[in-house]
Structures are given as C-alpha cells and as structure tokens.
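Reading through the structure tokens given below for one structure.
The values are calculated or read from the model by the stated rules, or taken from the named source; none is laboratory data. Because the structure is predicted, anything quoted here is derived from the model rather than measured. So basically every Cβ, Gly included, is an ideal-geometry build from the backbone, and we count neighbours across all protein chains shown. Just so you know, the surface numbers come from the protein's heavy atoms only, side chains and all, with ligands and any DNA or RNA stripped out. Shrake-Rupley method; radii C 1.70, N 1.55, O 1.52, S 1.80 Å.
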Amino acid sequence: MQGTVIYAPATFEERGVAVSFTTPLLSQTRVRVDERRRLEVLIPSFSEGKGIYVVPWKVVPEMVAMTVHDRYLHEQIVRLGVCSPQEIRGAQLRAARSGLAGPEGAKAARATLAEDQKYRALTNVLLIVEVLRAAGLESADLVRSGLDSREMEALTRSYLTRAAASFAIDPAQLYERIATLAEVVWPIGLVTAPEPGRLRRRLRGLADFRDELNQWADGHPCDAAPVARFCASVATHTLGKGEELLADFDRRARAIGTMIRDWAGQSAIFREDSEKLTWLADGWDFILGAWAEAQGRDDLQEQAMTVNEIFRILPLLPTGETARDQHAEARSVMAQHRRSVRAYEDWRTGVLDTEAVHRIEAIKAKAA
C-alpha cells in the first residue's frame, strides 16, 4: 500500500472511475490506471479527512473483507485491463446480473442490459435515417411497420448504397461509420429519439438533485445543511459543464452529413464529447439513488447521514476541467463541519456490516 496522498486530480482519468462495490469500506471508491498501466484503487483516508490511500488493485482482496459479489466484480475488472466509465459499468452490470448482490440487483441489471441493447438498436436506426436525410434521400419506408427483417435489411442496404454514392465513399465505409457513431451516440441518445439516452437522463437527475438538496438544507437548519448546500453546488457546476458538452454534441450530431464526409476531422471530436460526458456523469448514479432512498425513509437523522455519505464520495471536477478549486472548497467544508461529516466514518469501517451491505445493494439495484 502506498501512503496517504492529497487528492486533487487534474484529469478525469486521474480521478478514476467509481466502482459499485457492496463492501461498505469500498463502496464508490475509485479505480484508475497508474503510470505503468496498472490498476490501483483510491480509498478515502479517515485521518482528519486528509487525502486518500492509493492501493494496488491486486492486493485489495487481501486487505479488505470483501463480499462475494465484490470479489467477482474485482476479477471482472482485472480481466478488462482497461479503466473507463463505460467498461466499468458493463462489468458492474454483469456482476450484478449474477445474483451475487441479491435478486433485486440481478433483476435490475438484466432489465438495464436489455434496455441498453434496445437503445443501441434504436440509435442505429435513427442514425441511418439522419444519414439518409443528409444525403437528400426520403427514408420514410425505413420506419414503416409491416416489413419483415429481410425486407427491411434489403431496403436499408439499397438506401445506404445510394447515400454512400452521394457522399463519394464506399458503401462498406458508410456502414462502418454509422456503426461507429452508434457506439458513440447511444449512451447519450439523439435529440430525435423518442426517449432520452442514459446520460441525458442523468443530467436531468442532477438538476432535480440540486433543487431537492437545497430545499432540504433550507428546511432543515441542522449541522448537515451547509454540507448539503456544498453538494448541491457541485451538482450545479457539473450540470453546467454537462450542458455545454451536450450542446456541442448535439450541434455536431445535427451536422451528421458533414461528419460523414470529413470523418478524419470531425469524428474524433464527436467521440471526445461523448467520452467526456461519460466521465462527467461517473459516480452520480449511486449518489442520486442514495438520496432518493433517504428521502423515501423520511427520517431527518438518516437523511443527514446520507448527505455526509454523499459528501465523501462526491465526484468533484478535476482541476483541469474547472477554474474553481472544488477540492479546496471541500476541505474547507470538512474543517468547518467536522462534527457532522465525521458521523459518516462509522459507516465505512473495515468490519463487514451486513445491514450496511444490504442497504448498498438496494441503492445499487435502483441505480442500475
């Protein structure tokens, strides 16, 4: 184990990806790749709230009494060998689907994976329609009901062959570019989609979370109220960055014909917007789920405890992504409201608290 270090990452990659472990000590800790391309996990230090422990990924099972689910998830991430929010999310869903985090978690994971698959397919169809429109082709037949899969495939291929000619590229290149775009787009979704994509929904959830937390702080002038306001402020700033990225993403998506023609110049920027939105939203699923669960209990003490749990796992923006020093602000909140924040430490102990594990599993299932 490396020593405790002050944690103020400059990039999203340095911040790492939040992992939905069910072991309380590890819940929502972050994993990242070190300079030697090895995985390491970042565990908050409870020495007066200063810094984090940086632990080699492979030794985590030796130092923490992990649940069976977490050991399985740990193995899944080791096999991945990569560390991005999208890949880690996939590993988490596969681990939850196994049932090791409880039947509700398995049911939620299966539903989420099925929803993902449907949304991927929908995004691909919508992209084809947008590409054909950009090529000046009428594509109403493609969304017409009553065609079997073979008829639809033949009709789509015919249209795309004509579209490829208008773009002066080979049909195979056009198919490949649309498939690539579908993987970039589906987590966010197109504006034309009947339902918003996952990351669009997450941004909307951030707005609701911000408003609810500010209202809670106004209505409950307790020790946790200033902590809640800080958490709401971070959500506000994250939402602002997300809306900027989303506006650029949508602008580029609307100009899909230009992107198909200038693939080398446009597609990389488009992918960068998508990836940054994924990084920006990382870790918020669990937070929104935890707050929704706390509000459902209607218990002021439990809600205050949840506010402090949220504070400790809050996805602060990296220093390279904002002019504000949120890490300095967080240290100030910690110093001024230590009595409130320290209550959270009892929840994150090395002892495997079965009740805490079940609560984390319940939040994880709702956040899938």
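Summary table below
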quantity: Correct choice for P(r) over Cα pairs in 10 Å bins from 0, in percent that was computed from the model, options (i) 5, 22, 30, 23, 12, 6, 1; (ii) 6, 25, 33, 23, 11, 3, 0; (iii) 5, 26, 36, 25, 8, 0; calculated: (i)
quantity: Fluctuation leader among E329, E272, E35 - the chain, Gaussian network, Cα springs under 10 angstrom; calculated: E35
quantity: Separation in nanometres of the label points that stand 7 Å from Cα toward Cβ, at E151 and R110; calculated: 3.4
quantity: Phi-based couplings in Hz for the stretch 70-79 (Karplus 6.51, -1.76, 1.60; Gly and Pro marked x); calculated: 5, 5, 5, 5, 4, 5, 4, 6, 4, 5
quantity: Of R97, R38, R229, the one that fluctuates the most in a GNM where the chain has Cα springs shorter than 10 Å; calculated: R38
quantity: Surface per residue (accessible, 1.4 Å probe) for the chain, Å²; calculated: 47
quantity: Accessible area of the chain belonging to carbon and sulfur atoms, whole % at 1.4 Å probe; calculated: 51
quantity: Accessible surface ranking that places the most exposed of E309, E321, E153 first, with a 1.4 angstrom probe; calculated: E153, E321, E309
quantity: Shape box of the stretch 145-214 [Cα atoms, principal axes, largest first, Å]; calculated: 55, 31, 16
